[in-house]
Amino acid sequence: MFDKVLIANRGEIALRILRACRELGIATVAVHSTADENAMHVRLADESVCIGPPPARDSYLNIPSLLAACEITGADAVHPGYGFLAENARFAEILGEHNITFIGPSPEHIRIMGDKIEAKKTAIRLGIPVVPGSPGAVRSGDEAARIAEEIGFPVLIKAAAGGGGRGMKVARTPADLAEALTTAQTEAKAAFGDDAVYLERYLAKPRHIEVQILGDGQGNAVHLGERDCSLQRRHQKLWEEALSPALNADQRHAIGTRVATAIADLGYSGAGTIEFLYENGEFFFIEMNTRLQVEHPVTESITGIDIVQEQIRIAAGAKLSFTQDDIVFSGHAIECRINAENPLTFTPSPGHIDSVHVPGGLGVRVDSGIYAGYTVPPYYDSLIAKLIVMGKSRNECLMRLRRALGEYVIEGVETTIPLFIDLLKDDDIIDGNYDIHWLENYLERRRQ
Ligand code: ADP
């Protein structure tokens, strides 16, 4: 096992990783920018190192600074969290060259899944169903027109290097296609430095359902069930639940087994998520995330498995200590992402937090690094807390969530809490009856 883990992240996820390390008896090193000097992850870590000024490219994304922090502190492993360098294959490689373990999959697997075209080809090879689309990158308008005709309109143009919901364009008719293609290529080039784009059939009313997996790279892999992350705004998830209200046990078993088999065949090591769109009883692979996800706690709540501790054990060379038969799904869990944003316009609301009262009680978990007197800096993601609630049934979970949101007080910045309180009054939410466009339509109605 490792002696000391450096956590190359900030905010709630840095704390989450710190907690896992502490329970495993591993010392922790926090890193921080000058804007995060007073952050909770810095206060609670055994040691901390300042790695640069506020802009992420100069601090949390600064590989030489992170390497120096490892050297100074003698850390023997790095947990990247999510975002920042979590899916940077080069970072994983460089750490390896310095005999520091990257807590995550191999650089090769990160690279394959980071290129969405390669990822889709790999999924097909492993027998995972994908969204019908172009077999590779689409370069010219003529090629796009031919393929779009084959798969049928509307089509979605996506960046091969895409992420975070950016670089996607819908073409509804053949007349839209040429312009959408050029715009998508230009945006992809600007955002990711790579103008490769591909085409997919645009699904009208799918749900976003993703399967959490763990593999040990030694022939063993399991799935931990699915999460339904259909409630999204601009392709950003806001509410996630496990298990999905849309699947029954047989469907769950079928897709989970297929995915776990594929992951074992791939020789994948670590935690990962296979994301699907689900429509009319069919699953379509869209991408794989080779890292811990924001929404992992809902899966932990229904399985009792600490995903971060498993990541650490696997990276240290351990085999999976349980089989698929040992994994039992129990109850229902929902996560709400509490962002420092206006709950209707989503304008960021950084600033000083005057007071905080966190809900508690049975089945309530809050992952957050904020406290009264803390200032939310304007430089990073606006996620300041995750409220995760579990209950024996979905209905109990909804009642408890309503209760917990009512207790939650954050004063000084605007948050998305009022949005969740309103959502819980909607029949579609109560019935679990929503697709990936539901939230956008709801917000549109609210703004009118
Ligand atoms: P990113 O890596 O940028 O998050 P994804 O491929 O995971 O991109 O897609 C993000 C979201 O975009 C999905 O959750 C879904 O809402 C929407 N989306 C992606 N592909 C399609 C598609 N073929 N049809 C309809 N919606 C899609």
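The values are calculated or read from the model by the stated rules, or taken from the named source; none is laboratory data. It should be emphasised that the depicted structure is a prediction, and the values quoted were computed from it without experimental measurement. Positions of Cβ are generated from backbone atoms using ideal geometry, with glycine treated the same way; all protein chains shown enter the neighbour counts. Calculation scope for accessible area: heavy atoms of the full protein, side chains included, ligands and nucleic acids excluded. Shrake-Rupley method; radii C 1.70, N 1.55, O 1.52, S 1.80 Å.
Based on a Kirkwood Rh over C-alpha pairs, give the Stokes-Einstein translational diffusion coefficient of region 132-201 at 37 °C and viscosity 0.692 mPa s in µm²/s.
Values: Rh = 11.5 Å.
So the translational diffusion coefficient is about 287 µm²/s.
Pairs of Cα atoms under 8 Å, at least six residues apart: use those to get the relative contact order of the chain, whole percent.
Answer for the chain is 14 percent.
Rounded to a whole number, what % of the accessible area of region 4-86 do carbon and sulfur atoms account for, probe 1.4 Å? The partial results should precede the final answer.
Details: 1470 of 2860 Å².
In region 4-86, the share of accessible area belonging to carbon and sulfur is 51 percent.
So for the chain, Kirkwood radius off the Cα pairs, Stokes-Einstein at 37 °C and 0.692 mPa s: how many µm² s⁻¹?
Calculated translational D: 145 µm²/s.
Just subtract the alpha-carbon distance of Leu362 and Asp142 from 0.36 nm times their residue separation and send over the number in nm, one decimal. Mind dumping the intermediate values first?
Working: separation 220, 0.36 × 220 = 79.20 nm, distance 5.91 nm.
My answer for the length gained is 73.3 nm.
Which of the three applies to region 241-323, rounded, prolate or oblate, going by the alpha-carbon gyration tensor with a ≥ b ≥ c and a/c under 1.5 meaning rounded?
prolate
Output the Kirkwood hydrodynamic radius of region 207-447, Cα pairs only, in Å rounded to one decimal.
Values: mean 1/r = 0.0537 Å⁻¹.
Kirkwood radius, region 207-447: 18.6 Å.
Contact order normalised by length for region 207-447, with contacts defined as Cα pairs under 8 Å and 6 or more residues apart; what percent is it?
21 percent
State in Å² the accessible area per residue of region 160-285; use a 1.4 Å probe, count heavy atoms of protein chains only, and round to the nearest integer.
Heavy-atom accessible area per residue stands at 37 Å².
So if I average 1/r over every pair of distinct C-alpha atoms in region 68-159 and take the inverse, what Kirkwood radius in Å does that give?
Its Kirkwood hydrodynamic radius stands at 15.9 Å.
With every protein chain left in place, what is the accessible area per residue of region 338-448 in square angstrom, probe 1.4 Å?
Per residue, region 338-448 has an accessible area of 46 Å².
What translational D, rounded to a whole number of µm²/s, comes out for region 166-227 from Stokes-Einstein when the hydrodynamic radius is the Kirkwood one over Cα pairs, at 20 °C and 1.002 mPa s?
Numbers: Rh = 14.8 Å.
The estimated diffusion coefficient comes to 145 µm²/s.
Rolling a 1.4 angstrom probe over the protein heavy atoms, how many square angstrom per residue are accessible across region 43-92?
Value for region 43-92: 41 Å² per residue.
So for each of 319-332, 365-378 I average, over its residues, the number of other beta carbons within 10 Å; can you give me the resulting order with the highest mean first?
Highest mean packing first, the order is 365-378, 319-332.
At a Förster radius of 22 Å, what calculated FRET efficiency corresponds to the Cβ-Cβ distance of Ala254 and Glu279, to the nearest 0.05?
0.85
Pull out the extension gain between Ile63 and Glu149, defined as 0.36 nm times the separation in residues minus the alpha carbon to alpha carbon distance; nm, one decimal. Mind showing how you got there, number by number?
Values: separation 86, 0.36 × 86 = 30.96 nm, distance 4.47 nm.
Contour length minus the Cα-Cα distance gives 26.5 nm.
For region 186-299, how big is the tail of P(r) above 25 Å, as a whole percent of Cα pairs?
Counting pairs separated by more than 25 Å, the tail of P(r) holds 27 percent.
Spin-label point model (7 Å from Cα, Cβ direction): what's the Asp326 to His98 distance in nm?
3.4 nm
Considering only C-alpha atoms, what is the centroid distance from region 44-119 to region 290-304, in Å?
One Cα centre to the other: 21 Å.
Can you pull the one-decimal nm distance between simple spin-label points at Ser393 and Arg233, each 7 Å off the Cα toward Cβ?
According to this spin-label approximation, the distance is 3.2 nm.
Summarise the long-distance tail of P(r) for region 20-70 by giving the % of C-alpha pairs beyond 15 Å.
Everything past 15 Å amounts to 45 percent.
Using a basic spin-label model with each label point 7 Å from the Cα along Cα→Cβ, how many nm lie between Asn433 and Glu71?
It works out to 6.2 nm between the two label points.
At a 1.4 Å probe radius, carbon and sulfur cover how many percent of the accessible area of region 289-340? Could you put the intermediate results ahead of the total?
Numbers: 680 of 1590 Å².
Here it works out to 43 percent.
Residues of region 344-370 with the amide nitrogen closer than 12 Å to a label point 7 Å from the Cα of Val409, along Cα-to-Cβ, please.
354-359
Against the globular-protein guess of 2.2 N^0.38 Å, express the Cα radius of gyration of region 311-448 as a ratio, rounded to two decimals.
Dividing the Cα radius of gyration by 2.2 N^0.38 Å gives 1.23.
Could you tell me which of the pairs Lys189/Lys237; Lys319/Lys386; Lys158/Lys237 are separated by over 22 angstrom between their Cα atoms in the structure shown?
Lys189/Lys237; Lys319/Lys386
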